[in-house]
Amino acid sequence: MTTDAPLFEDIAEAPAGGRAFWVSTSDGLRLRAAVWTGGARGTAVVLPGRTEFIEKYGRVVGRLQACGYSVVVLDWRGQGLSQRNAAAPSIGHVEDFRHYQRDIEALLAHAAVRDLPRPRHMIAHSMGACIGLRTLLEGADFDSAVFSAPMWHLQMRAATREFTSKMTLLAKNLGFGQRRMPGSSDRPTPLSVTFETNALTSCPDQFAFAVAQITAHPELSLSGPNVHWTRAALEEMARLFVAPLPSIPILTFLGTAETVVSASMIRMQIAKMKQGTLVMVPGARHEIFMERPEIQAMIWPRIERFLSLGPDLEERIAQVSR
């Protein structure tokens, strides 16, 4: 029985030599992951956001490989080519956000990943950074983390958050947890918006790239979340807000045009971290890794310096901030 999985190189724009494979979780799900080996400076483990998939990070893989790192990317349960909710495969679903930890545990234990070169760095976006923060709190073996627009709270008024929390709990208890969230689209992201109205990127090329990917391979796409996913996300974000934070070096990017996640919550969390650094990115929207070339030219030298620096915090912060 082969462990190889599909990797759509025709849409990924990733470096040659990538290999996708299947991973089995402790609760019996089959996930897809991919690895690009050969980097001698360490390993970057990429944790995508909600609706995302391995191929969307092909260009990111290329940048990390150019910096000298081996790279691993994961499709979370319920998205990409990983196993989905059979009752409604196009709707994002998870019973408990902590179940995503089973995905990371399975990934790091897999033979294709566990012996990759150290140090090991986490590169996580949005929902991936929410899951990744929990991973760090539970003691997973990472030497540093780079977060992009971490989903530690959604950008909404306190009253709206309170209403959404109560509404999703009631709907879940009444048996409506599998229903799509009111107001969310039944169309795949990013087909549910135009470039002019999208909150993810200000780069026309990156937006067109995302549209072309799911047009060519619609099986990778995902639409709006269900009530249960939303409730689980709110519960996990509330737990993370009061949890003791990790002490490893963490570099976080946040766009000044961010409208998806809470900028104030990110600032508060970073301020509480022993080795946390926040970099504000002028003009960037939510998907900072998928932004305009001038933004990429700003963030990637900082990422490379951060990943390559030694453990001294003061020197690390000084060099990353230059």
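The values are calculated or read from the model by the stated rules, or taken from the named source; none is laboratory data. Model, not experiment: these values are computed from the prediction. Don't worry about glycine lacking a Cβ; one is built from the backbone with ideal geometry, like all the others, and counts go over all protein chains shown. For the accessible areas, the whole protein counts, side chains as well, though only heavy atoms, and no ligand, DNA or RNA atoms are used. Shrake-Rupley method; radii C 1.70, N 1.55, O 1.52, S 1.80 Å.
Structure notes:
- Checking Met127 against (1) over 13 Å from the mean Cα position of the chain (by Cα); (2) open to solvent by less than 10 Å² (accessible area, probe 1.4 Å); (3) within 23 Å of Ala233 (Cα to Cα), the condition it does not meet: (1)
- Meets criteria (part of a helix (DSSP H, G or I), modelled with pLDDT under 95 and surrounded by fewer than 18 Cβ atoms within 10 Å (Cβ to Cβ)) for Ala159: yes
- At least 2 residues being over 15 Å from the mean Cα position of the chain (by Cα) is the threshold, and among the strands (runs of 3 or more DSSP E) wholly inside the range 1-82 those reaching it are 19-24, 30-40, 69-74.
- Scope the range 208-240; condition over 21 Å from Leu137 (Cα atoms) and open to solvent by 50 Å² or more (accessible area, probe 1.4 Å); matching residues: Ala208, Ala212, Thr215, Ala216, Pro218, Glu219
- Restricting Gly17, Gly80 to residues that are open to solvent by 10 Å² or more (accessible area, probe 1.4 Å) and either touching a Cys at 6+ places or on another chain (Cβ under 9 Å) or on the phi > 0 side of the Ramachandran plot (or both) narrows the list to Gly17.
- Selection over the range 292-304 of residues that are among the hydrophobic types (A, V, I, L, M, F, W, C) and open to solvent by 10 Å² or more (accessible area, probe 1.4 Å) gives a count of 3.
- Counted residues, the range 89-134 - those being more than 20 Å from Leu220 (Cα to Cα), outside any helix (DSSP H, G or I) and touching a residue at least 40 places away in the same chain (Cβ under 8 Å): 11
- Top-ranked residue of the range 231-265 - restricted to ones that are among the hydroxyl-bearing types (Ser, Thr, Tyr), in contact with a strand residue (DSSP E or B) (Cβ under 9 Å, 6 or more places away or on another chain) and touching a residue at least 40 places away in the same chain (Cβ under 8 Å), ranked as nearest to Arg292 (Cα to Cα): Thr252
- Residues of the range 135-154 that turn out to be part of a loop (DSSP other than H, G, I, E, B), surrounded by 16 or more Cβ atoms within 10 Å (Cβ to Cβ) and touching a residue at least 40 places away in the same chain (Cβ under 8 Å), as a count: 6
- Phe289 surrounded by 20 or more Cβ atoms within 10 Å (Cβ to Cβ) and over 17 Å from the mean Cα position of the chain (by Cα): no
- Scan the range 241-257 for residues that are within 13 Å of His153 (Cβ to Cβ) and either among the basic types (Lys, Arg) or buried (at least 20 other Cβ atoms within 10 Å of the Cβ) (or both) and the total you get is 1.
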